[in-house]
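One structure is given below, encoded as structure tokens.
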Amino acid sequence: MVSQMADALHNRLIAPCVAACPVGVDVPRYAGLIERGMFAEAHAVVREAMPLPLACAYVCYRPCEPWCRRGIMEQPVAINALKRSAVDHGDSTLWRTRLETLTTHPTGKRVAVVGGGPAGLTAAYYLGRRLGHAVTLFEAMPELGGQLRYGMPEYKAPRDRLREEIAQAVALRVDVRCGARVDDLAALAREHDALLLAIGQARGQPLAVPGARLSEVQQALDFLREVNLGARTSVGRRVVVLGGGNVAFDAARTAVRLGARDVQVLFDGPAGETPAYAFESGAAAEEGVRFAELVAPLRIERVGRALRITMQRLRVAATDEVDRAITAPAAEPPCALEADLVLVALGRGADVPSSWGVALSVQGTLEAQSSTPAPLTSTQMMVRPGLFGAGEAVSGPDSIAEAFAQGKRAAGAMDRYLGGDGEIGETLAPPPGAEMRMPSHLAHQGKAAVVMPLAAAASRRANFALVEGGYTKEQAQAEARRCVRCDLWRQKIPEVWRAQQG
Ligand SMILES: Cc1cc2nc3c(=O)[nH]c(=O)nc-3n(C[C@H](O)[C@H](O)[C@H](O)COP(=O)(O)OP(=O)(O)OC[C@H]3O[C@@H](n4cnc5c(N)ncnc54)[C@H](O)[C@@H]3O)c2cc1C
Ligand code: SF4
């Protein structure tokens, strides 16, 4: 029986979505469980891959979806919406009960984690609960969560549930010290057997034009932090955001909710090259945020009570070796725009005190970063013997899924450094069952994804309530039927796939 179960899990192909997921969540398995209405089991499958499944289900940038094979037929499976249905509708008692039965003996080793964001929390969980080390987690801010708590606006994920999930992740063998910024790394090193730097990238790239230091010119990251701390509840009428990434659009959408009537994002490249995901910029447009491409600020001046931003129009003069635009000033004369607040979202860097003696790359990341696209190895995660790095501090601005993946890898690497085997796997889902058979009633060709219910754009402008409503159980089951179970194609190629292949 046990070997049959193992076969059911192992005699499978690696589905494209699983290969594309930084933490390797078993997407087809949870889709198969949801399709059968087994939401608690699906929740357990997601939880097996990470200690913060709720955070992932609500805010993941879903790097898997562009790789989904169903996308070749008509549209990718709404993989993240399914994950959210698993955590929303699936009782967590199932995996929690199982977790309580997994015991680990204390190793007597002392480990410090600096930074309580997604990477640090993930590493602290595995190092403490799973591997048995005594972890002290130092976080500079009053609460854990990193950018999940102080960067992302509240309309993305329910704060109370996130808080509960984080508390659960650090409940065993993790001594949490919030409001504890680490300055003296050498002292920490003397008191611990290994250290992890998971300090993120919370320092905004400065704007280098005259007027950048005016008080109404603010880093978007600082603005979002103030809003998330409850320290800022209003903005002026006109807000300009400089940048084109996800942070720029989050800042713009936040300004809209604080009452700004005219919010514009100005980007110095062509619209098609903004680093932001289309779903982030699209949601901002629905909420009335305007966007202008190919403009760069020349200077900012105070004119009466307002700011005047003088801008140069740009043109695409050439393209580089990867076909990205190289811009140059356009022939038109500079133009001007008035605003009450300018938010700067031009990039981020790690905040590393020079006393730490840690080398940084030109991109502002810890030098532990691998120079190859391959996954980081344990030594590449090591800044120097006993000192490890993980998350955005190493990767540069990325995503929570990548931060989770790095937190896991760092925990394994640190355990090996401390003499362990680095094995962090946990089995929290029940043994494989009916979901390991190809479903007989897959959605027919041409069936579009079930649309995620969204709050109306007009009501979104007025508050920080959740934008995405989440699937009902029935909607989730219907969407799960669109998954063609690429993992089970050794058993059978589904008819719906054969049909579209002609
Ligand atoms: C505005 C915004 C919106 C985003 N939206 C999304 C999204 O929707 N989906 C997504 O996948 N990703 C999103 N991201 C990216 C995601 O939040 C990050 O990739 C992720 O948080 C990185 O995790 P981390 O643990 O490496 O760093 P962080 O989350 O930055 O955590 C680092 C922690 O270290 C602490 N710290 C720093 N220095 C010290 C010190 N010396 N002592 C003690 N503590 C210290 C910081 O206070 C912070 O809490 C967003 C990022 C931002 C800024
Ligand atoms: S069809 Fe299903 S298994 Fe295949 S890539 Fe998409 S979500 Fe993954």
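Tabulated data
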quantity	calculated
Length-normalised contact order of the chain in % [C-alpha pairs under 8 Å, at least 6 apart]	22 percent
Simple Cβ-charge dipole of the range 291-337, Lys/Arg +1 and Asp/Glu -1, about Cα centre, in debye nearest 20	440 debye
Two-decimal log10 I(q)/I(0) for the range 247-371, as the Debye equation yields it once each C-alpha is a single scatterer, q = 0.09, 0.11, 0.23 Å⁻¹	-0.36, -0.53, -1.29
Rg/Rg_globular for the range 300-344, with Rg_globular taken as 2.2 N^0.38 Å and Rg from C-alpha atoms	1.56
Residue 292/residue 191 FRET efficiency (R0 56 Å; Cβ-Cβ; nearest 0.05)	0.60
Shape of the range 200-313, Cα gyration tensor, a/c cut at 1.5	rounded
Farthest positive-ward along the range 206-346 dipole, Cα basis, beta-carbon charges - from 326, 316, 292	292
Simple label model, 7 Å out from Cα along Cβ direction - residue 278 to residue 36, nm	3.5 nm
Sequence-distant aspartates and glutamates (8 or more away, or on other chains) whose Cα lies within less than 20 Å of residue 492	7, 26, 35, 435
Dipole of the chain [Lys/Arg +1, Asp/Glu -1 at C-beta], most positive-end residue of 457, 11, 247	457
Computed over the range 84-165, Cα set: Rg, Dmax in Å	14.8, 42
Cross-link partners of residue 156 among aspartates and glutamates (Cα-Cα below 15 Å; sequence separation of 8 or more within a chain)	88, 250, 280, 287, 468
Sorted by Cβ neighbour density within 10 Å, fewest at the top, the residues 404, 279	279, 404
DSSP-defined beta bridges in the chain - what % are antiparallel, rounded to 5	45 percent
Förster radius 51 Å - calculated FRET efficiency between residue 316 and residue 499, Cβ distance, rounded to 0.05	0.75
Ratio of the Cα radius of gyration of the chain to 2.2 N^0.38 Å, where N counts its residues	1.02
Nearest-20 debye value, the range 206-346 charge dipole, Cβ charges on Lys, Arg, Asp, Glu	640 debye
The range 243-400, relative contact order in percent, only Cα pairs under 8 angstrom and at least six apart counted	16 percent
Nearest-20 debye value, the range 12-137 charge dipole, Cβ charges on Lys, Arg, Asp, Glu	340 debye
Given 13 as the ceiling on other Cβ atoms within 10 Å, longest exposed-site-free region of the chain for GluC sites (Glu not before Pro) in DSSP loops	1-320
For 254, 122, 310, 319, order by how many other beta-carbon atoms lie within 10 Å, fewest first	319, 310, 254, 122
Gain in span if fully extended, residue 308 to residue 326, counting 0.36 nm per residue against the direct Cα distance	3.8 nm
Alpha-carbon Rg with Dmax, taken over the range 443-502, Å	16.8, 51
Fraction of antiparallel bridges per DSSP, the range 206-346 only, in percent to nearest 5	55 percent
Taking 464, 138, 249 and counting other C-beta atoms within 10 Å, the order from fewest to most	464, 138, 249
Dipole axis of the range 164-214 (+1 Lys, Arg; -1 Asp, Glu on Cβ), positive-most option in 214, 201, 187	214
Residue 338 paired with residue 222, simple spin-label distance in nm, labels 7 Å along Cα-to-beta-carbon	2.5 nm
Label point distance in nm, residue 359-residue 110, each placed 7 Å from Cα along Cα→Cβ	3.0 nm
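FYI, it's all coordinate maths here, none of it is from the lab. No experiment lies behind these values; they were computed from the predicted model shown. As a convention, Cβ positions derive from the backbone with ideal geometry for all residues, glycine included, and neighbour counts pool all protein chains shown.
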